[in-house]
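What follows is a short report on a single structure.
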Amino acid sequence: MVKGRIEPPKTKYGRREVRLPAPLVYRLRAHLAALDDQDSTALAFTNRDGNPIEPGNLRRRGLKPLVEEVDAPWAGFHTFRHTFASLHLSRGTNLLQFSRALGHHSAAFTLSRYTHLLPGEEAPALDLSPTPTDLLVGADA
C-alpha cells in the first residue's frame, strides 16, 4: 500500500511466493472461506467497509496498543522482518534461499543488511593440526 493505493512491489525480486507454515495456511483458508466476497482478487484483510487497511491506522490502532501492552515501545512492523531474519540466520538457513524469501536482489545484499545478526564477533581460529582420523588415514598410505 503506497499513498492509499495498492501497488506491486518495487522490484522484480519483491514479486515472489511467500511460503507459510501449514497451520497458518489452514487458518487463512478458513478465514477466506468465511468472507462474503468469494472473488479471487478480494483482499484477505480489510477495514470495516471492506477497503484496504490504511497502514497508519493499523499502526495506531493495532500495533501501538499491543507494543505498549508488552512494554516494547521500540517495536514496529519492520521488527517482524528483523525477527524473521534473526531466526533464519540463527538456524543456518541457506543464504541464497533466505535472500529470495526476503525479496532481495542478491545474497550479498542480504548479508550486508543482516550480518550483525550472525553469532560471534570474530571468525574462529583455523586449527590445522591433524585429527585422530587424519592420523589413521595417513598410516594406511
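The values are calculated or read from the model by the stated rules, or taken from the named source; none is laboratory data. This structure is a prediction, so every number in the text was calculated from the model and none was measured. Quick reminder, even Gly has a Cβ in these numbers, built from the backbone with ideal geometry, and neighbours come from all protein chains shown. Heavy atoms of the whole protein, side chains included, go into the accessibility calculation; ligands, DNA and RNA do not. Shrake-Rupley method; radii C 1.70, N 1.55, O 1.52, S 1.80 Å.
Please find, within the stretch 19-40, the residue that is farthest from residue 104 (Cα to Cα) out of those that are open to solvent by less than 100 Å² (accessible area, probe 1.4 Å) and touching a residue at least 12 places away in the same chain (Cβ under 8 Å).
The selected residue is 37.
Can you name the condition, by its number, that residue 43 falls short on among (1) outside any helix (DSSP H, G or I); (2) surrounded by 11 or more Cβ atoms within 10 Å (Cβ to Cβ); (3) touching a helix residue (DSSP H, G or I) at 6+ places or on another chain (Cβ under 8 Å)?
(3)
I'd like the full set of residues that are at pLDDT 85 or above and part of a loop (DSSP other than H, G, I, E, B), limited to the stretch 93-122.
Result: 93, 94, 103, 104, 105, 106.
Suppose we filter the stretch 85-115 for residues that are surrounded by fewer than 14 Cβ atoms within 10 Å (Cβ to Cβ) and within 10 Å of the chain's Cα centre (by Cα); how many remain?
1
Which of the residues that make up the stretch 7-18 are assigned to a helix (DSSP H, G or I) and either modelled with pLDDT under 85 or surrounded by 11 or more Cβ atoms within 10 Å (Cβ to Cβ) (or both)?
Once the filter is applied, which keeps residues that are assigned to a helix (DSSP H, G or I) and either modelled with pLDDT under 85 or surrounded by 11 or more Cβ atoms within 10 Å (Cβ to Cβ) (or both), the stretch 7-18 yields 13, 14.
For every residue, the table says whether it meets (1) over 23 Å from the mean Cα position of the chain (by Cα); (2) modelled with pLDDT under 80.
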| site | (1), (2) |
| --- | --- |
| 24 | no, no |
| 33 | yes, no |
| 38 | yes, yes |
| 59 | no, no |
| 78 | no, no |
| 137 | yes, yes |
